[in-house]
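Please read the structure below before turning to the comments.
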Amino acid sequence: MAFKCEVYMQTSQATLSVRTRTSAQNLPQALKRIYTAIIQYLAEKEEQPAGPPFAAYHSTDRNDLDIEAGFPVFSSLPGRELIQAGELPAGKVASCLFTGPYDQMDDAYNALNQWIEDNGYETTGIAYEIYMNDPAYTPPSALKTQLILPLKGATGDFLK
């Protein structure tokens, strides 16, 4: 399958997120808990997310994933307990769109990493996934995930 890869400047975006560790096996449950807690908090504040949920992968050890998951928000909001206010900073990123089951994204990641290498870029080591539709209502074959890899040397490394 061919993937359309591109580089662009990501603008900064206020976020609410939770950073945690989990295994790949427990990832769906961890993400569901985090997203539910943030949505409940936003409802209490009479706010809405500014876009679809994201997950930042700070490590790729499938037995001990270090993730940060959350939502972009329209303006900076205070955190509460495990929910932290933050920002996706501006910076140069490489990206491609994957359509299909989450457990079949390896080809897209491989294509994106090869494209980055072929074009002389280097990643920061953090991978972002933006989940464009909800797996509770979307068949696995139609799930859309935007893969984003921040690039080194870019202005404002994407979510340090």
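Within region 60-87, residues that are over 10 Å from Arg19 (Cα atoms) sit with their Cβ atoms under 8 Å from residues that are at pLDDT below 90 and among the hydrophobic types (A, V, I, L, M, F, W, C), at 6+ positions apart or across chains, in these pairs: Pro72/Leu88; Gly86/Leu159; Glu87/Leu159.
Hey, can you tell me all the residues within region 77-135 that are of a type in the set (A, V, I, L, M, F, W, C), closer than 18 Å to Pro150 by Cβ, touching a helix residue (DSSP H, G or I) at 6+ places or on another chain (Cβ under 9 Å) and surrounded by 17 or more Cβ atoms within 10 Å (Cβ to Cβ)?
Passing the criteria: Ala94, Cys96, Phe98, Ala127.
Does Gln40 qualify as being closer than 28 Å to Pro139 by Cα, exposed (fewer than 15 other Cβ atoms within 10 Å of the Cβ) and at pLDDT 95 or above?
Details: closer than 28 Å to Pro139 by Cα: yes; exposed (fewer than 15 other Cβ atoms within 10 Å of the Cβ): yes; at pLDDT 95 or above: yes.
In short, yes.
Considering only residues that are among the hydroxyl-bearing types (Ser, Thr, Tyr) and either buried (at least 18 other Cβ atoms within 10 Å of the Cβ) or within 21 Å of Thr11 (Cα to Cα) (or both), which ones fall in region 43-76? Passing the criteria: Tyr57, Ser75, Ser76.
The values are calculated or read from the model by the stated rules, or taken from the named source; none is laboratory data. A quick note: this is a predicted structure, and the numbers were derived from the prediction, not measured. Reconstructed Cβ throughout: ideal geometry from the backbone, glycine too, with neighbour counts over all protein chains shown.
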